[in-house]
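The values are calculated or read from the model by the stated rules, or taken from the named source; none is laboratory data. Here the structure is a predicted model, which means the values were calculated and not measured. All Cβ positions, glycine included, derive from the backbone under ideal geometry; neighbour counts span all protein chains shown. Accessible surface areas use protein heavy atoms only, side chains included; no ligands, DNA or RNA. Shrake-Rupley method; radii C 1.70, N 1.55, O 1.52, S 1.80 Å.
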Amino acid sequence: MPLKYPRAKGTHDFYPGAAAWEEDSYRCHYLEDIFRGVSNLYGYSEIRTPAFEPTELFTRSIGEATDIVSKEMYTLVTKGGDSLTLRPESTAPVLRAYVQNSLYATGGVSKLFYCASHFRYERAQKGRYRQHEQLGVEALGADDPALDAEVIALALAFFRRIGIHNLRLKLNSVGSLESRDAYLVALKEFVAPHLPEFSGEGQARFEVNPLRLLDTKNARELEILSSAPHLSAFLTDDERLHHETLIGYLTDAGIDFESDPFLVRGFDYYTKTAFEIQSPDLGAQNALGGGGRYNKLVEAIGGPPTPGIGFGLGIERALIALQALAVEMPSPPSPTAYLIIQGLAARPVGIKLLSDLRAAGIAAETDYGFRSMKAQMRAADKAHARYALILGDDEVAQNVIQLKNLYDSWQHTIPLTEAVEWLSSNGPPAR
RNA sequence: GCGAGCGUAGUUCAGUUGGUUAGAACGCCAGUUUGUGGCACUGGAGGUCGUGGGUUCAAGUCCCAUCGUUCGCCCCA
C-alpha cells in the first residue's frame, strides 16, 4: 500500500506487539530496564547528552580516516553557520560532558551509563540502521585493568541476564598511539612486497588506515597476514603488563575469551584493551557489542589527562539475537480489572469506578466502543485481564457489581462501594 | 559505495506457459446465547497486486526506471 509519508530509510518504529522483536516497544524497554539494573549493580549512574554535538568533537576523536567520520555522519549547518552532527556514537559526547561538567573533580572513578539513539548514514540492512538505539557504559579516571575486567563482566552479565548465553568474547590489546605507530611501520614493511596481491580496498587501507588491513575477510589477504608481525610484540612493558593482568582477572572470574591479535576497532581512539562480543548465531551483523580503553581521549578533547574504558551494545541487534534464539521474555503488563459497562445508566457510574480504581493503584481498563457484552468480554480476555467487572443497569439499580475471575471463571456479586477495596486486597494478578 | 534477491489484504504467503468479478491462513468485526471471554461453527469488512513508464488485443504475471526491503561485500551496534 503506497504510504503518503513513509518513514525515512533505515529507521524503524518501536510499537506494542510488533512481530519483529527489534521493533517491539515493550521488549526494547525491557532490555533498557535490565541494562539499568545491571549498571546499577556495578555502580554506574545514568548520563544523558544531546543528540547532536559540534561536528569537530567527532572528527577529532573518532578519527578523520574512519568510515564513520569520512562518510557516515549526519552533519548539518545551523543558521548561525555552526556545523553540528547527530551523534554516531556516545563515547565522545559522554567524555565531553564529563569535561564540561568537571566530573573529574568529584574524585575517584566516574562510572556512567547511557541509553540513546545513534545515527549513521549507512546502507540499511537488518541489524544495521541509520538510527539505532544503543546502551553503553564509560568508566573514567583509572588505568586499572580491574576496571577493564569490570566493564567486560558487566557487558557479559547483561547478555546473560537477558538470556543470551552463547557468546564469544574477543580480546586484544591495541597498545598505545606510540607502540601502534612502531607496529604500523613494521606491518607496512611486511605488507609492502605483497601489496599487489591485495584488493583495492586493502591497498587503500594500506595508505589511509593500515591497522585496518588486519580486519580483512579476504582469504588471500588473510593468508599473507597469517605470518605478519603481531602488535603484541610491539607493546611496551606497561601495556603488556596491563593486558596480562586483565587476562588474569578474567580467568579468575571464569570469563572465557578468545585472543584475537587482529581485532581492531572502528575508532582511532582506542588504546590497550579492545574487545568485541559476538553472537555466533547471527549473520553478518554478529557483533552484539564492543568496547575498549581510550586513555588519551579525554585529553584530546580538552580535558585533564584521564584514562577511561567503555562499552556499547545495540538494542536492535540484541533483540534480533533474542528472537533468533527464541529466548523467553516477559509479557507486557496486563490490567487487573477490565470494566464491562452495559446500558446508559451504568455508563457514568462505570466511568467513575474506573477512575476510582486507578486512583487506588489498580490497573484498570474498559472498552470504549459501546459494544455488546460479548465483545467486551472478548476484549477483556484479549487484554489478559485478571478480573472482569460487570456493571449493567441492573447492577446500578441494586448498587452492586459482578466480579468475574477470568482465570477460573468464578463469578460473584459484591456491593458496588466495595469493589475498589476488594480488588485492593485480592491484589494484582499472579502472573 | 559495490553485487544479488524480493516487494500481492493488518500479518505470513498462494497466484499455473500474461487472459473473465485477485485467493488462503491467521488477525479484525459481527452472529450462533433476550447481558458473559478463551474452543467451535457461520457470515462480513479489508487489496487501484510499492510507484512511474513501456511491450501487448490483454500484465500481479514480461521489460525499463524509481523507491523500499532482505542477503552478501564493506563497516559496525
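So that you can scan it fast, the table gives a plain yes or no per residue for (1) away from RNA strand B (no atom under 15 Å from the Cβ); (2) modelled with pLDDT of 95 or more:
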position: A:Gly343; (1), (2): no, no
position: A:Gly350; (1), (2): no, yes
position: A:Ser355; (1), (2): yes, yes
position: A:Ala359; (1), (2): yes, yes
position: A:Ile362; (1), (2): yes, yes
position: A:Leu389; (1), (2): no, yes
position: A:Val396; (1), (2): no, yes
position: A:Val400; (1), (2): no, yes
position: A:Gly427; (1), (2): yes, no
Output for the range A:375-386, where each listed residue is open to solvent by 10 Å² or more (accessible area, probe 1.4 Å) and either of a type in the set (D, E, K, R) or within 38 Å of the chain's Cα centre (by Cα) (or both):
A:Arg378, A:Ala379, A:Asp381, A:Lys382, A:Ala383, A:His384, A:Arg386
Residues of the range A:274-297 satisfying the condition of being among the hydroxyl-bearing types (Ser, Thr, Tyr) and touching a Leu at 6+ places or on another chain (Cβ under 6 Å)
A:Ser279
Pick from the range A:308-349 the residues that are free of Cβ contacts under 8 Å to residues at least 40 places away in the same chain and part of a loop (DSSP other than H, G, I, E, B): which of them is least open to solvent (accessible area, probe 1.4 Å)?
A:Ala326
Just checking, how many residues over the range A:38-48 are outside any loop (DSSP other than H, G, I, E, B), touching a residue at least 60 places away in the same chain (Cβ under 8 Å) and open to solvent by 30 Å² or more (accessible area, probe 1.4 Å)?
3
Could you tell me which of the residues A:Ala51, A:Ala65, A:Ala19 is closer than 23 Å to A:Lys126 by Cβ and surrounded by fewer than 18 Cβ atoms within 10 Å (Cβ to Cβ)?
A:Ala19
Given the structure, is A:Arg220 over 25 Å from A:Ile277 (Cα atoms), within 12 Å of RNA strand B (Cβ to nearest atom) and open to solvent by 50 Å² or more (accessible area, probe 1.4 Å)?
yes
Please verify whether A:Thr59 is in contact with a helix residue (DSSP H, G or I) (Cβ under 8 Å, 6 or more places away or on another chain), surrounded by 11 or more Cβ atoms within 10 Å (Cβ to Cβ) and of a type in the set (S, T, N, Q), treating the condition exactly as stated.
yes
Given the condition in a helix (DSSP H, G or I) and buried (at least 19 other Cβ atoms within 10 Å of the Cβ), answer yes or no: does some residue in the range A:69-86 qualify?
yes
Of all residues in the range A:229-259, how many are among the acidic types (Asp, Glu) and in contact with a helix residue (DSSP H, G or I) (Cβ under 7 Å, 6 or more places away or on another chain)?
1
Would you confirm whether any residue within the range A:288-299 is over 27 Å from A:Ala182 (Cα atoms), of a type in the set (A, V, I, L, M, F, W, C), in contact with a helix residue (DSSP H, G or I) (Cβ under 6 Å, 6 or more places away or on another chain) and within 16 Å of RNA strand B (Cβ to nearest atom)?
yes
Restricting the range A:97-128 to residues that are more than 23 Å from A:Thr85 (Cα to Cα) and among the charged types (D, E, K, R), which is surrounded by the fewest Cβ atoms within 10 Å (Cβ to Cβ)?
A:Lys126
Set A:Leu222, A:Leu211, A:Leu187, A:Leu167: member being in the same structural domain as A:Cys28 (by TED's automatic domain parsing) and of a type outside the set (Phe, Trp, Tyr):
A:Leu167
